[in-house]
Amino acid sequence: MTARSTPDVDRASPASAVPYVGLRPFDIQEATIFYGRGEHIAEMLGTLRRRHFLAVVGSSGSGKSSLVRAGLLPAIAAGSLEGPGSDWRFVVMRPGRQPYENLLAAFLHAVAPDEADDPDLQAIRNLTLRSGPRGLLQAVNESLLPEKTRILVVVDQFEEIFRFLQRGGWSASAAVPVTDDQRNEAIAFVDLLLTTVQARDPHVRIVLTMRSDYLGDCEAFLGLSSAISKAEFLTPRMT
């Protein structure tokens, strides 16, 4: 069984020599030095198994990204979600200022690395993802992956999507103008994620991490607040 997330997933990291990685999150290759969250990981797995969706919410610095990358993903790769035999591909991305472009790059890396250097194939994948709310499901289907392959899309720091809420104005999180096209793309991207969750396709699941102070902003996207409330894991701070 293989699980893909980052280019260095199978290589030892220099940071693994000591159990402290500074201010950055722990990553999947540092799972062996990530301790103290077993009960939380079990709860997250249960929600993801039932809902095909998991929203990991917490205050800034509570360890959301570390919990997902170094806790949840290794547990899934080891068979804790569906048992042994599944080939998990981890599509890990952040929305940034170009959520579709970032999803495409992460998707190609994890699912179709042979296409990463082919501009024509990239363009086709891009059109598929942008084709509508079922674009991600269609992209997975067109990949013709083996039956035991599973896709987990991790949208880390999901709160970055809220920078596009101010139509024709300035975003609260960056001193740059927000255009109508960017705002419409953000709405379409959220719809893409929610439609994927609602389809309950056995091959695809969605996880996002988000700062808790952005929960109120979810009302700006139709159906997002309801989906998160049913699949939320509130990250406790470590003692």
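Points to keep in mind about this one:
- Distance from the C-alpha centroid of segment 41-92 to that of segment 174-230: 18 Å, rounded to the whole angstrom.
- Global geometry of segment 43-88, whether rounded, prolate or oblate, following the gyration tensor of its Cα atoms and the 1.5 cut on a/c: oblate
- Overall form of segment 41-200 per C-alpha gyration tensor (a/c, 1.5; a/b vs b/c): oblate
- In sequence order, segment 44-57 has phi-based couplings of 5, 4, x, 5, 5, 5, 7, 9, 6, 8, 8, 10, 8, 10 Hz under the Karplus curve 6.51 cos²θ - 1.76 cosθ + 1.60, θ = phi - 60°, and Gly or Pro positions carry x.
- Extension gain for Glu82-Lys230 works out to 51.2 nm (0.36 nm per residue, less the C-alpha to C-alpha distance).
- Based on C-alpha pairs under 8 angstrom that are at least 6 apart in sequence, segment 104-225 has a relative contact order of 26 percent.
- Per-residue Karplus couplings for segment 124-133, computed as 6.51 cos²θ - 1.76 cosθ + 1.60 with θ equal to phi - 60°, are listed in order as 5, 4, 4, 5, 5, 4, 8, 6, x, x Hz, Gly and Pro entered as x.
- Sequence-ordered 3J(HN,Hα) estimates for segment 71-88 from the Karplus curve with 6.51, -1.76 and 1.60 and θ = phi - 60° stand at x, 5, 4, x, 5, 5, 4, 7, x, 6, 8, 10, x, x, x, 7, 9, 8 Hz, glycine and proline given as x.
- Less than 5 angstrom separates the built amide H of Val92 from those of Val154, all sequence-distant by 5 or more or on a different chain.
Where a number appears in this text, it was derived from the coordinates with a stated rule and is not lab data. Keep in mind that what you see is a predicted model, and the values were worked out from it rather than measured.
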